[in-house]
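Worksheet: one structure, shown below.
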Amino acid sequence: MKKIIFLLLTVCLCLPAAVMADNTDKKAAKRAEKERKERVKENRKESKKVLKQLEKEGWKVLGSTRTLETMLMRHYEKLDLGGDDAREVVGIATSVKSKNTGKQMASTNAAISYVQEYSEMRGRMLTDVTANGAMSEAEFEHFYSAFEREVQKDIKGELTESFSIIRENGDGNYEVQSFFILNESSATKARLRSLDNALKESEAAQRQAERISAFVRGEK
């Protein structure tokens, strides 16, 4: 009898905690759904604005019979599904005679533009790793050039193309823009792979590997 009473008391004590946990989960789910809807709303608004601008500039979809509006909507839907971990990267190619060459150049330029976004990190990293005199500025520049080359190469494999657009320049050449989606978690792993390869080219950077790695992971 005592065991039964003890079990009943245990159940009664556990019920409020379970209810509180359930309510917390429901609130978190509602908050996440609200944030998702707001993100979708903003992306749809952005999609319409981008569509209007691209049509005004004379861009057309490259390599697909779907309309520009459809491709943009699908692109932003993918960004919505990816949430905070998904981001847009755009590559541009100008004055090309071949459409295929234009797409290839746009893909390469997308990777280059991604690398260039980290110019601020480069400056902060330089200040940090050379502050104690363990690495000279020349050694850092040698290492970072190798790191940029590796990132540019590795990040191309993480870029998922949504669609490409094209327009004529009027002189027989074309301009191409390619829209990609990049998963930030995958991008971080790619940067860390690039770092491992770049470190092989610099003993000075190897001694600063822990500090450099923190920058690459976005911890500094």
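The values are calculated or read from the model by the stated rules, or taken from the named source; none is laboratory data. Just so it is clear, the structure is predicted and the values come from calculations on it, not from any experiment. Note that each Cβ is placed from the backbone with ideal geometry, even for glycine, and that neighbours are counted across all protein chains shown.
Considering only segment 59-91, how many residues are within 26 Å of Thr108 (Cβ to Cβ), modelled with pLDDT under 95 and small (Gly, Ala, Ser)?
Residues meeting the conditions: 4.
Of all residues in segment 119-158, count the ones that are over 14 Å from Leu192 (Cα atoms) and among the charged types (D, E, K, R).
8
Which helices (runs of 4 or more DSSP H) does segment 138-220 wholly contain that include 3 or more residues that are closer than 30 Å to Val61 by Cβ?
It comes to 184-199.
Out of the residues in segment 122-137 meeting the condition of being of a type outside the set (A, V, I, L, M), in a loop (DSSP other than H, G, I, E, B) and on the phi < 0 side of the Ramachandran plot, tell me which one is surrounded by the fewest Cβ atoms within 10 Å (Cβ to Cβ).
Ranking the qualifying residues of segment 122-137, first place goes to Asn132.
One line per residue, one yes/no per condition, for (1) modelled with pLDDT of 90 or more; (2) out of contact with any strand residue (DSSP E or B) (no Cβ under 6 Å at 6 or more places or on another chain); (3) within 21 Å of Met105 (Cα to Cα); (4) not β-branched (Val, Ile, Thr):
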| site | (1), (2), (3), (4) |
| --- | --- |
| Thr130 | no, yes, no, no |
| Phe140 | yes, yes, no, yes |
| Gln152 | yes, yes, yes, yes |
| Phe180 | yes, no, yes, yes |
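Quick one: which residue in Ser119, Ser145 is out of contact with any Ser or Thr (no Cβ under 8 Å at 6 or more places or on another chain), at pLDDT 90 or above and surrounded by fewer than 19 Cβ atoms within 10 Å (Cβ to Cβ)?
Residue meeting the stated conditions: Ser145.
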